[in-house]
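Worksheet: the structure to be examined is printed underneath.
A short reminder: the numbers here are calculations on the coordinates, not readings from a lab. All figures in this text were calculated on a predicted structure; none of them were measured in a lab. Glycine gets a Cβ as well: all are built from the backbone with ideal geometry, and neighbour counts include every protein chain shown.
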Amino acid sequence: MKTLVKIAFVILVLISIVAIVASIYFYNAVNQKFQSDVPNFGGDPKYHFSLILTDTDSTYISQIKKGVYDAAAKYNVAIEFHESDFSKDGLLNSDYINIARLAKLDGVIVNSSNNEGANLITSINEAIASGMVVSVTGYKDIQSSRNVYVGTSQFSYGQKAAELVYEAGNGPNLIYPAIIFPSSYQDETDNNTNLFELGFKSMAKSFSERFQDFLYEKTNSKLLGAEDITLNILKENPEVNVIFCMNAKDTIAAAQAVVDRYRVGSVFIVGTDVNDEILDYIDKGIIYGVIDRNGYLIGQSSIEALINQIEGTMQSSYKDIDIKQVTKSNISDYLEQEN
Amino acid sequence: MKIIKLGKSFLNSIRKKLVIVFLVTTLLTSMVSVLILSSSIKFISQIESMFNENVSLGYFIQALEEVDSNVSLYLTNDDSDALMAFYISKDYLELMTDDMAAEKTQLFFEEDLLFKDIITLEDAYLVKAQEAVEAKQNRDAEIYISKYEQANEVILYIKNYINKLNLKRFDNNTGQYLIISGNINNLITANIILIIAIVFLNVFVVFFITYSMTNPIIKLAHSAEEISKGNFSAEDVVVTSNDDELKVMADAFNAMKHSIKEYIEELYDKAETESKLMDEQMRNLKMQSLLNNAELKSLQSQINPHFLFNTLNAGVQLAIMEGADRTSEFMEDVAMIFRYNVQSLDRVVTLREEIEVLKSYSNLFKVRYGDRMSFEFDIADDCLELKMPPLVIQPLVENAAIHGIDQKESGGTIKVKVEKIDNIIYLSVEDDGIGMDSEVIKGILNEDLINEKTEKKSGHTTGIGTHNVIHRLRLFYQNEDVMRIESIKGKMTRFTIVIPVNEDILGGKDV
């Protein structure tokens, strides 16, 4: 009986100790959660910018965003981020720029698209007129008085893409390229699209003896990416042996379609932007190579450009970001540079 | 030493144990309460803060719509009341936004930025609204319509940002709520388990302390009950706890019990010693009384013994001169007996002396009784130095002669025998006279000295009766069973003195 009592006593003491430890642990967990709201800013930021981006799911835009935030932290800049999606909040990029102006922000970084036409240009111009600084990424040729354009040259982008397509199809056979535009791209009247095509074609000319007619396609859905259209190309145009995609999502979707149709080795994928999955596909030889538009640097440079503009530091109104080609042959060098 | 022991025992005292148990229990339950209370306060505070911010934004929208309504009313009706209402509501809105802005002086989160935007947009709205009102006052329809449209556009932006802000806060708070709520639930569960464990532990501790306190007390009570009945040999009360008050009390109780026991034993010893002393004194008194009595009787039986002794010596001289040898011997024996008898009775003599006197005494009887009475002596030599009171054998021989042989016409023989068997000396005086009844024997052995008078009447020469002899022997040898009497009516009577031998009484130290 005494032994039973002793065992019961020891068990109760152990339970008490465990309960005390658990109580302290959960209390700390609660407190840590209360305190876990790490401030985004130091309380008294130097500048207050608005970052307006569309298609934030894409690797490229995510990289821009990360570049912006890292640079903002570095320069003590407060960033309010807006994902421009009219279907969600009924506000366009131009509205966000107007709000930033009315709210007397110091600057705006907008990844513009010209589908808003004159409204966007007006908003940018009014913002500039009110004393704000505006940095535009994406489409260089917006007819606005923006302070600085930070991004890649669409023409150069087209040239680099053509180079990589040629490399991918380098062999005895002729090259039958297919270019898949994302759904957000405009039709042939769009200047950016035209610039890209011009660049692509100009480079293709130098390889004209092997380049055949291009096949232009456009994805139907932002959600599904280029899988459907790739499958369709493979079915309808069996002669196509190089497919070029213009963002990470379409690149991966096209690669998966090629794998699904057992066309690895006969159809080469050349894509745009870099993420871990794409690097893995490159390493495995499913994707030949990609164009890295370097979204992170674009974001970082945008912040620096706005700060320079506010502080009156001399700078060009056009900050070109280098495009890199990443293939299996230079993947290790690329990773080394990025790190 | 006692003080030091109590001082040490305080460290393990019951009071301290109780205080520790109480403090630990209180601390643990307090800790539980504090943890839950603190978490709850923070949780409630966060919810309250969120609620207040939402309410504040709700009031802000109401105020904003009030301004817009008044602007709209004024622009539509050009009513001075509406204009007044506009300015009042505008002032109210400005005051409200000033208060709200005062609460957010620093920017830490993106929500703060949105909030700041809302406040600034409100300023922009009021500017547009003011411009629209002024344009209306200036009758500039185109401008006031444009400004009013711009103001409305700003209101849409504000509402949109308020929605965004609420949504963002809701998202953040929901995420936090789920995690915090989960942790608080876990905390509550752990604390409930802790409380239950503490309750059971307390029950254990209370039972343990109660048992450990009452058990020694019960033992003490039982022991005290035994002691009250006079049983000091009850087992000591054992308390297994450390040096707490109960152990000190039990030890003190045990010590007290032993002290009392020792004290009582001392009292017993002392009483026994005193009793022995009293007995000794009583015996001495009795002895003295007997001696006095014997001496008195001896003196009463003497007629100027010195005169008689001298006279007998003169008689001896005369008998020698006349050539009467038997008479001379007779007179010498008488003189010797007289000389022996007149000496003090409280001296110690040897058996040898007693036998010598007894032989003289027997010679007298031979003369007196002739052939009717004969004596036989069988004395062991190793007993001759036996120490004894004087005039012990002679009265017995006299009794045998007077009451045993003298009453018998044919006479008889008196045998005196001394032998030592197994360290016991048996000194017997036996006659083959008429014997005696058992009642008489019983009376001799047990009756008081009062009967001495009857003995005296029988014609004893010593004046000392058998009782006197027996009492003196008992006192001298401190042995009640000193005399045995055997008798066969008409045949024999034997008195046997039984003396256990030791060094003191057999030629050793003086008694």
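Going by neighbour counts of Cβ atoms within 10 Å, the residues B:D78, A:D250 line up, fewest first, as B:D78, A:D250. The packing ranking, built from the mean of other Cβ atoms within 10 Å per residue, places the peptides B:336-343, B:208-215 in the order B:336-343, B:208-215, highest first.
Between B:L285 and B:S212, the FRET efficiency estimated from the beta carbon spacing at R0 = 56 angstrom works out to 0.35. Given +1 at the Cβ of Lys and Arg, -1 at the Cβ of Asp and Glu and no other charges, the dipole of chain B around its Cα centre is 2600 debye to the nearest 20. Rounded to the nearest 10 degrees, the inclination of helix A:248-260 to the longest alpha-carbon principal axis of chain A is 80 degrees.
A cut-off of 5 Å between modelled amide H atoms, ignoring neighbours fewer than 5 places along the same chain, links A:L51 with A:E80, A:F81, A:H82, A:I109.
3J(HN,Hα) along the stretch A:315-324, derived from phi through the Karplus expression 6.51 cos²θ - 1.76 cosθ + 1.60 where θ = phi - 60°, amounts to 7, 6, 7, 10, 10, 7, 9, 5, 9, 10 Hz, with x in place of Gly and Pro. Summing charges over neighbours of A:D292, with a neighbour being any other residue whose Cβ is under 12 Å away from its Cβ, gives 0 when K and R count +1 and D and E count -1. Using the alpha-carbon atoms, what tilt in degrees (0 to 90, nearest 10) does helix A:93-102 show relative to the longest principal axis of chain A? Value to nearest ten degrees: 60. If I take all pairs of Cα atoms in the stretch B:279-500, what percentage of them are more than 22 Å from each other? For the stretch B:279-500, the share of Cα pairs beyond 22 Å comes to 52 percent. Taking amide H positions as modeled 1.01 Å from N, with prolines and chain starts lacking one, the residues under 5 Å from B:I379 and 5 or more places away or on another chain are B:V418. Mind telling me which of A:I17, A:I128, A:I97 comes out most flexible in a GNM of chain A, alpha-carbon contacts under 10 Å? Looking only at A:I17, A:I128, A:I97, the biggest GNM fluctuation is shown by A:I17. Size of the protein assembly as shown: Rg and Dmax of its alpha carbons, in Å, are 70.5, 208.
With a cut-off of 16 Å on the backbone N, the residues of the stretch B:85-108 near the modelled label site 7 Å out from B:E65 along Cα-Cβ are B:93. In this structure the amide hydrogen of A:T152, modeled in the peptide plane, comes within under 5 Å of the amide hydrogens of A:G138, A:I321, none closer than 5 places in sequence on its chain. As an exercise, use a Förster radius of 41 Å and the Cβ-Cβ distance of A:N330 and A:S130 to find the FRET efficiency, rounded to the nearest 0.05. Efficiency, rounded to the nearest 0.05: 0.35. Ordered by the number of other Cβ atoms lying within 10 Å of each residue's own Cβ, fewest first, B:L285, B:L391 fall into the sequence B:L285, B:L391.
What order, most packed first, do the peptides B:98-110, B:429-441 have when packing is the mean number of other Cβ atoms within 10 Å of each residue?
Details: B:98-110: 14.2, B:429-441: 18.4.
The packing order, highest mean first, is B:429-441, B:98-110.
Across the stretch B:189-202, coupling constants 3J(HN,Hα) worked out from phi with the 6.51/-1.76/1.60 Karplus curve, θ = phi - 60°, read 4, 4, 6, 4, 4, 4, 4, 4, 4, 5, 4, 5, 4, 4 Hz, and Gly and Pro carry x.
Pop the C-beta distance of B:S228 and B:E272 into the FRET formula with R0 = 25 Å and round what comes out to the nearest 0.05.
Numbers: r = 24 Å, r/R0 = 0.97.
Computed FRET efficiency for B:S228 and B:E272 comes out at 0.55.
From other protein chains only, count the Cβ atoms within 10 Å of every residue's Cβ in A:46-54, then give the mean. Mean inter-chain Cβ contacts per residue within 10 Å come to 1. A dipole drawn for the stretch A:1-76 from +1 and -1 charges on Cβ atoms has a positive end, and of A:N31, A:S58, A:T3 the residue lying farthest that way is A:T3. Principal-axis analysis of the Cα atoms of chain A puts helix A:59-75 at an angle of about 60° to the longest axis. Count Lys and Arg as plus one, Asp and Glu as minus one, and take only other residues whose Cβ is under 12 Å from that of A:C245; the net charge is then -2. Evaluated at q = 0.07, 0.08, 0.13 Å⁻¹, the base-10 log of the normalised Debye intensity for chain B, with identical point scatterers placed on the Cα atoms, takes the values -0.73, -0.78, -1.18. Cross-link reach is defined here as a Cα-Cα straight distance under 13 Å, omitting same-chain residues fewer than 8 places apart; for A:K284 the aspartates and glutamates meeting it are A:D276. Please state the charge dipole magnitude for the protein assembly as shown, taken about the Cα centre, from unit charges on C-beta atoms (+1 on K and R, -1 on D and E), reported in debye and rounded to the nearest 20. Value, rounded to 20: 3040 debye.
What pairs in B:K420/B:K442; A:K65/B:K42; B:K387/B:K408; B:K104/B:K168 have C-alpha atoms more than 23 Å from each other? Don't jump to the answer; show the numbers that get you there.
Values: B:K420/B:K442 26 Å; A:K65/B:K42 34 Å; B:K387/B:K408 34 Å; B:K104/B:K168 17 Å.
The answer is B:K420/B:K442; A:K65/B:K42; B:K387/B:K408.
Is the stretch A:154-292 best put as rounded, prolate or oblate by its Cα gyration tensor, with a ≥ b ≥ c the root eigenvalues, rounded for a/c under 1.5, and otherwise prolate when a/b is larger than b/c, oblate when not? Here the stretch A:154-292 falls in the rounded category.
Each helix, a run of at least 4 DSSP H residues, gives -39500 (n - 2.57); summed and divided by the residues of chain B, these come to -25000 deg cm²/dmol at 222 nm. Report summary: the helix-based calculation at 222 nm, which adds -39500 (n - 2.57) for every DSSP H run with n ≥ 4 and divides by the residues of chain A, gives -15500 deg cm²/dmol. Within the listed set A:N170, A:N31, A:N40, the Gaussian network model of chain A (springs between alpha-carbon atoms below 10 Å) gives the highest mean-square fluctuation for A:N31. Along its first, second and third principal axes, ordered by size, the stretch B:9-221 spans 111, 30, 26 Å in Cα coordinates. The trypsin sites (Lys or Arg not before Pro) of the stretch B:221-279 meeting both criteria, a DSSP state outside H, G, I, E and B (loop) and at most 13 other C-beta atoms within 10 angstrom of the site's C-beta, are B:K229.
Just want to confirm a number: the relative contact order over chain B, from Cα pairs under 8 angstrom separated by 6+ residues, in percent.
Working: 521 pairs, mean separation 51.0, N = 511.
Relative contact order of chain B: 10 percent.
Available extension along the chain between B:V342 and B:E149 is 52.4 nm, counting 0.36 nm per residue and deducting the alpha carbon span. Among A:I298, A:I24, A:I321, the residue with the largest mean-square fluctuation in a Gaussian network model of chain A, with springs joining Cα atoms closer than 10 Å, is A:I24. The fewest-to-most ranking of A:S135, A:S23, B:S80 by surrounding Cβ atoms within 10 Å reads B:S80, A:S23, A:S135.
Please report, in cubic angstrom per residue, the volume enclosed by the convex hull of the alpha-carbon atoms of chain A.
212
Each part reduced to its alpha carbon centroid, the stretch A:263-317 and the stretch B:384-434 end up 154 Å apart.
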